[in-house]
1. Sort 185-193, 255-263 by the packing proxy (mean of other Cβ within 10 Å over each peptide's residues), most packed first.
2. How tilted is helix 227-238 with respect to the longest principal axis of the chain? Cα atoms for both, answer in degrees (0 to 90, nearest 10).
3. Please compute the net charge surrounding Val247, taking Lys and Arg as +1 and Asp and Glu as -1 over other residues with Cβ under 10 Å from its Cβ.
4. Out of all Cα-Cα pairs in the chain, roughly what percent, to the nearest whole number, are more than 37 Å apart?
5. Relative to the present Cα-Cα distance, how much length would full extension add between Arg60 and Gln316 at 0.36 nm per residue of separation?
6. Where in the range 173-197 does the amide nitrogen come within less than 20 Å of the point 7 Å from the Cα of Val91, taken along Cα to Cβ?
7. Which value in nm describes the separation of the simple spin-label points at Val196 and Asp258, placed 7 Å from the Cα toward the beta carbon?
8. Using the count of nearby Cβ atoms within 10 Å as a rough guide to exposure, how do Tyr134, Tyr250 rank from fewest to most?
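Derivation of every value follows stated rules applied to the coordinates shown; laboratory data play no part. What you are looking at is a predicted structure, and each value in this text was computed from that prediction instead of being measured. Neighbour counts run over all protein chains shown; Cβ positions are idealised from the backbone, glycine included.
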Amino acid sequence: MTVPSSPPHDDRLSPPPFDPELAVALATMADGVPSALLPEMIPALQSGAALMRPSDDALRRGGAFEIEERTVPGPEGAPGISLLICRPTGVSGPIPAVYHIHGGGMIMGDNRTGIELVLEMAQELRLAVVSVEYRLAPQHPHPAPVEDCYAGLVWTAEHAEEIGVDRDRIVVGGESAGGGLSAAVVLLARDRGGPVPAGQLLASPMLDDRNDTVSSRQMAGLGIWDRTSNDTGWTALLGERRGGPDVSPYAAPARAEDLSGLPPAFIDVGSAETFRDEDVAYATRIWQAGGQAELHVWPGGFHGFDMLVPQAAISQAARAARVDWLRRLLAR
């Protein structure tokens, strides 16, 4: 899959092959899911027609969950934010929860984006899910998205008993931009003395605005969310600051100088996607800082493969690994 407007990949950097099962699916998606997203596409991507929002009935999963939406206080001086609270039915007492931050490249999505896969894990492990809706770039650049996400986490922790959640067993997690925002929220919580998450689940997280790793150059014009798309998302969030010397680690967690004192992390990424090298580097730096991280690099995986091709064997393996990590983490 190639897009002419995308920077060509460096011929000296041969891209890794896609998983054969995923490659077939990727070819069928070529017309509807372009590799490169451009700034002029953002209005359409943000429109309701471009979003697939699961209904309340779908989220209840046949009666497995009770669904509630609440508007809670946002950051100081900012509007309230919407939290989608999904609690397993027939469960008493405080239970662990996933505080979910959705993906969408910082420019699209809402608190229902990607939540169906999270609910699948939560149903198996009997977890609650609290999914936050944050303001999107470019209308609301940094720090609006991360501050919204942090405010939602603070509210969730402070009202844990009210919503039946165990304050000490809240895992912050998300995919793509939501993974990057999750990492940033965890950094904010550490630095502000805020809630202490039990862990951070970072699925193909978007961490580095500099967009100049080997993997970003290898995969330019290939797969899903290539280097051009990454420029679009980061520029929407940061404007002219993108790639410069003064980017906050709460915008781009790869910029953080200190990764010590963080909760255990689960990080996974495909070998054939833009974010591979920045995600591997982030896990490595957590280890170097004396922290705990579990890293999976799925061979031949493109960005979002487990969501876009859930029936593939590699997608099933990736989702099983996340469930297993959550089960071990929350059993401590």
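1. Per-residue Cβ counts within 10 Å, averaged per peptide and sorted highest first, yield 185-193, 255-263.
2. That works out to roughly 50 degrees.
3. +1
4. Counting every Cα pair in the chain, those more than 37 Å apart make up 10 percent.
5. That pair, Arg60 and Gln316, stretches by 90.0 nm at full extension.
6. Residues 173-175, 196-197 qualify, since their backbone N sits under 20 Å from the label point.
7. Placing both labels 7 Å along Cα→Cβ, they lie 1.6 nm apart.
8. Tyr250, Tyr134
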